[in-house]
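To keep things clear, I will list the structure first and then write my remarks on it.
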Amino acid sequence: MTYTFVTLFKNLVEGYFHDSILSRAIAKNILHVHYLNPRDYSDSKHSKVDDTAVGGGAGMVMNPQPLFDLLKDLKKSDENVHIIFLTPVAKPFRQNDAKRLALKSHIAFVSGRYEGIDERVIEEFADEVFSIGDYILTGGELASLVICDAISRNIEGVLGNSDSLSVESFETPLLEAPSFSKPQCYEQKSVPSEYLKGNHSRIRSLKLALSECKTQFFRPDQLLKHRTRKSYEK
């Protein structure tokens, strides 16, 4: 997989790939990461990339020229590149999107700044547009990294143990059951005793019950999906 980050602030993104799982994936040539700066494509004297909003309004908007030229060049270099824009006014990114996008060969993330990107750029070049939540960030870089990380975990060879993907939250409607490590007792708090008895059938039953409890507390909407699915399967 190749990732291209279109950003005015490469340093905000680059450091994330210096450590841990994604760093090892890059070292193994599973992932390749590149950066493109719209300022390098600006035809203005001072490499300007923003302008006042037409029709009024506070703040500046990223104007179309630098991004049009940048993305045209990017598509010329790889016609299969899948271009994603990050904006709060878009559909929410989900786990199924991460799994689907993990099958792509090249994804470009376009990170907006200021009050956003001129809509004509999005209309011309966006293959998909995503939001990571109902809140506003100062730029799209963090959202790009969130989506990149979620996609990367679903690419073969990135995780040390691919079996871990099958038991995570959102692989089913239920949230993942609580996890515990050694020691068995810490600060007078013990792990569930059933976990220690070696009866895998009863452990699975307990984990399912705990998973349902956690989902009921944090995401009752997901528990309703789970119960609806179970009723269809009967």
Condition met for residue 144 (in the same structural domain as residue 9 (by TED's automatic domain parsing), more than 17 Å from the chain's Cα centre (by Cα) and of a type in the set (Ser, Thr, Tyr)): no
Whichever residue in the range 19-32 is modelled with pLDDT of 95 or more, over 16 Å from the mean Cα position of the chain (by Cα) and in a helix (DSSP H, G or I) and, among such residues, is surrounded by the fewest Cβ atoms within 10 Å (Cβ to Cβ): 27
Restricting the range 87-125 to residues that are modelled with pLDDT of 95 or more and small (Gly, Ala, Ser), the residue that is surrounded by the fewest Cβ atoms within 10 Å (Cβ to Cβ): 105
Residues of the range 1-55 satisfying the condition of being of a type in the set (Phe, Trp, Tyr) and either out of contact with any Asp or Glu (no Cβ under 9 Å at 6 or more places or on another chain) or within 30 Å of residue 154 (Cβ to Cβ) (or both): 3, 5, 9, 16, 17, 35
Candidates 8, 67 - the one that is surrounded by 17 or more Cβ atoms within 10 Å (Cβ to Cβ), in contact with a Pro (Cβ under 8 Å, 6 or more places away or on another chain) and not in a helix (DSSP H, G or I): 8
Condition check for residue 35: assigned to a strand (DSSP E or B), in the same structural domain as residue 7 (by TED's automatic domain parsing) and hydroxyl-bearing (Ser, Thr, Tyr): yes
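The values are calculated or read from the model by the stated rules, or taken from the named source; none is laboratory data. From a predicted model like this one, the values you see are computed outputs, not experimental measurements. Reconstructed Cβ throughout: ideal geometry from the backbone, glycine too, with neighbour counts over all protein chains shown.
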